[in-house]
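Working notes for the structure below.
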Amino acid sequence: MTRNSIYAQRRATLAAQLGPGGIAIIPTALEQQRNRDSDFLFRHDSYFYYLTGFTEPKAWLAITGDGKSTLFCQPKDLEREIWDGIRLGPDVAPATLQLDAAYSVADIDAHLPKLLDNRSVVWYPFAIHKGLETRVDGWLNALRARVRFGAMVPEQQRDLCVLLDEMRLIKDTSEQDTMRRAAQISAKAHIRAMQLSARMLRDGKDVREFHLDAELLHEFRLQGSQYPAYGSIVAAGANACVLHYRADVAPVRSGDLVLIDAGCELDGYASDITRTFPANGKYTGPQRALYDLVLASQEAAAAATHAGARFTDPHEASVKVLAQGMLDTGLLDKNKVGSLDDVIEKRAYFQFYMHRTGHWLGMDVHDCGGYLEPSELGKTSERKDALTGETIINRPARILKPGMVLTIEPGIYVRPAPGVPEKFHNIGIRIEDDAIVTTKGCELISRGVPVKADEIEALMRG
């Protein structure tokens, strides 16, 4: 199957869910101005790209319930193409992209009311594109002006994300292959950053977080990735205890740990890898103790990731290992917090581990898709949160299926505080891999970069 055939198949699958009287309208992303005479590098809207594979700006897609697809795109313009690049144009778009029709985006206000006529439901993505609902209202009002001439206006407006999120949650073989390649590129970038850190320190050079960030970006582009999937986190020393820290000018010192959370985007799909390594290539005793604990918790989470498990199972498996390790290492005082069950029930571990163990991964680094099981939404229970005292409504978590892709990323972040052993102060560790759910378990597609402490040290000696 060709790439464009995959997009055509997705459009057909979506059209079947719209119903015979349905129509879906999907815009791509807007161009964003960066400063007075320059835009940010354009990146398509993920929903739009999922259905078209088309990366030009100023484009719209309409799909009707009878399976017809219409693209609105920029017309050919030789003068503008000299400045901005070659455009596909509406004349060749139908044959190239396997669409039924294409028009200039300049004519969209003339064509959309006609496409909306005699439809019962109009679908579009809610709360994503600012002003989209106003634009749809304008087309509907243009159609209402013709009701005396027999026009029929859609009676309902519905959120298209409800349908597309479920479609995107299961990755087909083509998507999985792309994500494997993205993870391989990102793994190579992490290896280069690790080795650069150790090499520069051995040579007595001044090492900064931005040096390692530059190495990541270089490898991403060298291997054909179009962009970073997100702003890379390169955090040395105490900065690793800031969860969303960004690479900056801070020095990378011998004896520090460095936490790098970085991944490339390849052909529209993200990777997301975190490794925590010793800047000079050798873990200290306290660093190694906590690193091995986080790795053990990740291994427990990976073992709990398989078809038929719940999305929350990896997190619960990870928390159990981390909580016991916090008691064993003295991060938590048994005399104050009690047993393992007490630590979990009271969420005493939250001082050092405050985020979930994973998220969906795909076209977006925090990909779309619900975390609750659709077939069990009516089942609820209540509990009181031990830290906030708030009443929490529990609903059954999503049941994992083959083809779902998620991250597995436990961590420990030790900020100085009374009662916390000083040897662990300012140590921040996270280990993250990308996992494709399979019938028997999960495939960790990002293990091209070592994860065991001994292997990382050996790599950095090379």
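The values are calculated or read from the model by the stated rules, or taken from the named source; none is laboratory data. Computed from a prediction, not measured in an experiment: that's the story for all the values here. Heads up, the Cβs are rebuilt from the backbone with ideal geometry, glycines too, and the neighbour counts pull from every protein chain shown.
Key figures for this structure:
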{"item": "Any chance Phe350 is surrounded by 17 or more Cβ atoms within 10 Å (Cβ to Cβ) and within 30 Å of the chain's Cα centre (by Cα)", "result": "no"}
{"item": "Complete set of residues in the stretch 375-425 that are part of a loop (DSSP other than H, G, I, E, B), among the acidic types (Asp, Glu) and under 25 Å from Gly441 (Cα atoms)", "result": "Glu409"}
{"item": "Tabulated pairs, the stretch 311-337, first closer than 21 Å to Ala397 by Cα and in the same structural domain as Pro421 (by TED's automatic domain parsing), second assigned to a loop (DSSP other than H, G, I, E, B) and among the polar types (S, T, N, Q), C-beta under 7 angstrom, 6+ apart or interchain", "result": "Pro314/Thr305; Pro314/Thr357; His315/Thr357; Ser318/Thr357"}
{"item": "The lone exception for Asp109 - which of (1) in contact (Cβ under 8 Å) with a residue 24 or more places away in the chain; (2) closer than 30 Å to Thr2 by Cα; (3) not small (Gly, Ala, Ser) it fails", "result": "(2)"}
{"item": "Selected residue (only one of Ile412, Ile427, Ile399 is surrounded by fewer than 19 Cβ atoms within 10 Å (Cβ to Cβ) and either in the same structural domain as Ile191 (by TED's automatic domain parsing) or among the β-branched types (Val, Ile, Thr) (or both))", "result": "Ile399"}
{"item": "Subset tally (residues that are touching a residue at least 12 places away in the same chain (Cβ under 8 Å) and either of a type in the set (Gly, Ala, Ser) or under 15 Å from Asp159 (Cβ atoms) (or both)) for the stretch 17-44", "result": "11"}
{"item": "First in the stretch 197-219 and within 20 Å of Lys282 (Cα to Cα) and at pLDDT 95 or above, second anywhere and in a helix (DSSP H, G or I) and charged (D, E, K, R), Cβ under 8 Å, 6 or more apart", "result": "Ala198/Arg461"}
{"item": "Residue within the stretch 178-191 that is of a type in the set (A, V, I, L, M, F, W, C), farther than 18 Å from Pro228 by Cα and either in contact with a strand residue (DSSP E or B) (Cβ under 6 Å, 6 or more places away or on another chain) or assigned by TED's automatic domain parsing to the domain that holds Leu217 (or both) present", "result": "no"}
{"item": "Residue list for the stretch 209-252, filter: under 22 Å from Ala182 (Cα atoms), out of contact with any His (no Cβ under 8 Å at 6 or more places or on another chain) and assigned to a strand (DSSP E or B)", "result": "Tyr227, Pro228, Val234"}
{"item": "Matching entry among Ala279, Ala236 (being within 18 Å of Glu432 (Cβ to Cβ), in contact (Cβ under 8 Å) with a residue 12 or more places away in the chain and small (Gly, Ala, Ser))", "result": "Ala236"}
{"item": "Considering residues of the stretch 178-188 that are of a type in the set (A, V, I, L, M, F, W, C) and out of contact with any Phe, Trp or Tyr (no Cβ under 6 Å at 6 or more places or on another chain) only, the residue nearest to Leu222 (Cα to Cα)", "result": "Ile185"}
{"item": "Per-region count, the stretch 60-88, residues over 26 Å from Glu155 (Cα atoms), in contact with a strand residue (DSSP E or B) (Cβ under 7 Å, 6 or more places away or on another chain) and part of a loop (DSSP other than H, G, I, E, B)", "result": "2"}
{"item": "Test: residue in the stretch 24-39 that is crowded, with 17+ Cβ neighbours inside 10 Å and assigned to a loop (DSSP other than H, G, I, E, B)", "result": "yes"}
{"item": "Check on Leu51, outside the structural domain of Asp364 (by TED's automatic domain parsing), touching a residue at least 12 places away in the same chain (Cβ under 8 Å) and either farther than 30 Å from Asp172 by Cα or touching a helix residue (DSSP H, G or I) at 6+ places or on another chain (Cβ under 8 Å) (or both)", "result": "yes"}
{"item": "Members of the stretch 362-374 that are closer than 17 Å to Asp313 by Cβ and either part of a strand (DSSP E or B) or out of contact with any Lys or Arg (no Cβ under 8 Å at 6 or more places or on another chain) (or both)", "result": "Leu372"}
